[in-house]
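The values are calculated or read from the model by the stated rules, or taken from the named source; none is laboratory data. As the structure is a prediction and not an experimental result, all values here were calculated from the model. All Cβ positions, glycine included, derive from the backbone under ideal geometry; neighbour counts span all protein chains shown.
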Amino acid sequence: MGNNIEKRGPLTGIRILDLADERASFCSKLLADMGADVIKVEKPGGDPSRRLGPFLRNSENPERSLFFYYNNTNKRGITLDLEHRVGRDIFHRLIKSSDVAVETFPPGYLEKLGLGFGYLHRTNPTLILVSVTNFGQTGPRREYKACDLVASGFGGQMYVSGSPSTPPLKPFGEQSCYTASLFAAIGILLALRQRARSGKGEHIDISMQEAVAATLEHVLVSYFHDHVIPQRQGSRHWNSGFCILPCKNGHMLVSIFQQWETLVEWLAKEGKAEDLTDEKWKDEEYRLNNVDHVVDVLRRWTSTHTTAELFKLGQLMRFPWAPVHSPRDVVNSPQLKDRGFFIDVDHPEASTAIRYPGPPYKQICSLEKRLTRAPSIGEHNIQVYREEIGLSEEELKGLVSMKVI
């Protein structure tokens, strides 16, 4: 049986029931990586997020979703139908021995089933319930349907993404979901600390829209202070301090104004400074007001170099420059390889091993940097239901026939 290793870490001994879809499965993955015993609870037949691609060997199969694989490593998996009365009775028994439950159901769904926080709190006063929803548990949009794209739009992130000449653009990937998951994980860690003092659990309400809006940093600060909405900057940093420029073999992130005289001297030695050696360009305000010309001169210069050349010389002069790496470059990074960041995980059922990003932190405590594959549908039903809550073999057969598990 997979995923049956003894885990050690800061959250060893904490049990988490994961009833979340793609909006918060990354949250419980982070906690599983820290040693928590995370049990993925899916409807019989599997969670809908198993139908999200890409798929292993392009096989559109709920047991081949690479998206699901990544977000559910280090978890165990069971099936359970909460809409069935017997399923709710079993969930009641699971809640008694759990520390945290993470869910992404529409607001009010659990209450309709008689499983709202009030009931769960009476069943287990120390339980921490985390609800990650599109717009939160309250407010006029609490019942609106949404996804990562909608949250990015409503949260203000999309409006400031892109170039001045383009419509608003969505950042790559499921950034709204991952942002909400990160805030949810932080909330859980804080709630566990508070519970250690008070002995009581609590209900944490996470809104994807609010999670996105909370990361707009300078955009909202500028609006509150100056009542100005920053323009989309394309490849430039919000204050024009950095920009992405083409090279012979890729692109480079370069600082525009840092150590200006050193930068101009470098260009002049190569005969590429053009008019930037003129006295007027020493004035910082003049440079800022004419930044487009500075960028044009730099672009013509960087186009004559490789990224490796600019990075090496930039480091010698203490410039915070970096090549813009493709995913292939990241996977082959000697730095990440030396730190053992990527981890190969065996998938015996698929007769292969798949490489995953590992936890992005190093700790002194004995945290095993080891991943186990995501569970198959209902893989740990016997282990959890029979060995841990004591159901008999006949009861398990009955649950299967009633499609409760």
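Here is how the numbers come out for the structure above:
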quantity	calculated
Residue in the stretch 305-320 that is over 30 Å from D81 (Cβ atoms) and assigned to a strand (DSSP E or B) present	no
Answer residue from the stretch 21-42, given it is touching an Asp or Glu at 6+ places or on another chain (Cβ under 6 Å) and outside any helix (DSSP H, G or I) and is nearest to I405 (Cα to Cα) among those	K40
Sole exception among (1) closer than 30 Å to F67 by Cα; (2) in contact with a Leu (Cβ under 9 Å, 6 or more places away or on another chain); (3) at pLDDT 95 or above; (4) not hydrophobic (A, V, I, L, M, F, W, C) for G358, by number	(3)
Test: residue in the stretch 341-354 that is within 20 Å of R370 (Cα to Cα), in contact with a His (Cβ under 8 Å, 6 or more places away or on another chain), among the aliphatic types (A, V, I, L, M) and not assigned by TED's automatic domain parsing to the domain that holds A268	yes
Residue match in the stretch 81-97 (condition: aliphatic (A, V, I, L, M), closer than 23 Å to P359 by Cβ and at pLDDT 95 or above)	no
Test result for G45, assigned by TED's automatic domain parsing to the domain that holds R370, assigned to a loop (DSSP other than H, G, I, E, B) and either touching a helix residue (DSSP H, G or I) at 6+ places or on another chain (Cβ under 6 Å) or over 19 Å from V384 (Cβ atoms) (or both)	no
In the stretch 211-254, residue farthest from the chain's Cα centre (by Cα) [restricted to those that are of a type in the set (V, I, T) and over 26 Å from H305 (Cα atoms)]	V228
Sole exception among (1) of a type in the set (V, I, T); (2) surrounded by fewer than 16 Cβ atoms within 10 Å (Cβ to Cβ); (3) part of a loop (DSSP other than H, G, I, E, B) for T372, by number	(2)
Residue match in the stretch 247-256 (condition: modelled with pLDDT of 95 or more, touching a Lys or Arg at 6+ places or on another chain (Cβ under 9 Å) and assigned by TED's automatic domain parsing to the domain that holds M317)	no
Count of the stretch 59-106 residues which are over 19 Å from S25 (Cβ atoms), touching a strand residue (DSSP E or B) at 6+ places or on another chain (Cβ under 8 Å) and either not aliphatic (A, V, I, L, M) or not assigned by TED's automatic domain parsing to the domain that holds E22 (or both)	1
Hey, V219 assigned to a helix (DSSP H, G or I) and either crowded, with 17+ Cβ neighbours inside 10 Å or not hydrophobic (A, V, I, L, M, F, W, C) (or both) or not	yes
Residue check for A180: aliphatic (A, V, I, L, M), farther than 21 Å from N71 by Cα and part of a helix (DSSP H, G or I)	no
